[in-house]
C-alpha cells in the first residue's frame, strides 16, 4: 500500500486496553509522542476467581495508577453492574455478550448508572450469521431451530472458531519483533 492509499487516522482516538501494564504503557506512550490522542483502559478478571470485592479493589487501584477507563470483567447480575458503577471511582467500560455471563442492559440504563462505554462484540457477527443460517435453511428446506447456538460456545463452534485458532497457531509469526 502506498502512502497515498493509506487511510487517514486524523481525529481518531486510540484506546489501549491493558494500558496500565508495562507493554500497554509503552505502546500508549509511543502513540502519544507521535501526536495521537490515547485512552488507557485497564481490565480486571478477578470477579470470577476472587469475587466482586477483589475486582472492585483492583479496579480502583488501576484507576489510581492512571487508567482512563476501567473494565471489570463479567458482572453476574444487575446488582453487580450497579455496585461496580457505584464503587469504582473511574469511567467504566462494560462488555455485553449475547448469552454471556453479564446480563444485557439498555444503553439508557448504563448511562444512568455512569458507564462511559458499552461494547457489544458479537452482535453484528451474530446477526449476520443468523441471516446466513436462515437463508441456507430456506434453500435446502430445513428448520433453522436445530442449528441455532444455545450460547457463546455453540456460536463459536458454528462459525469455526477452533479451525481459525488452528490456522492462527500454524501461520502466526513466532517472533514478536515484527509488531
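See the values below:
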read-out: Residues satisfying the stated conditions in segment 133-163, i.e. exposed (fewer than 11 other Cβ atoms within 10 Å of the Cβ) and under 19 Å from residue 121 (Cβ atoms); value: 150, 162
read-out: Residues satisfying the stated conditions in segment 13-26, i.e. on the phi < 0 side of the Ramachandran plot, assigned to a loop (DSSP other than H, G, I, E, B) and modelled with pLDDT under 80; value: 19, 20, 21
read-out: Residues satisfying the stated conditions in segment 110-126, i.e. under 19 Å from the mean Cα position of the chain (by Cα) and more than 19 Å from residue 159 (Cα to Cα); value: 110, 111, 114, 115, 116, 117, 118, 119
read-out: Conditions (1) assigned to a helix (DSSP H, G or I); (2) surrounded by 12 or more Cβ atoms within 10 Å (Cβ to Cβ); (3) within 15 Å of the chain's Cα centre (by Cα): number failed by residue 129; value: (3)
read-out: Candidates 149, 103 - the one that is touching a residue at least 24 places away in the same chain (Cβ under 8 Å), in a loop (DSSP other than H, G, I, E, B) and not assigned by TED's automatic domain parsing to the domain that holds residue 81; value: 149
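The values are calculated or read from the model by the stated rules, or taken from the named source; none is laboratory data. As the structure is a computational prediction, the values presented were derived from the model and not from experiment. Using ideal geometry, Cβ is built from the backbone for each residue, glycine included, and neighbour counts are taken over all protein chains shown.
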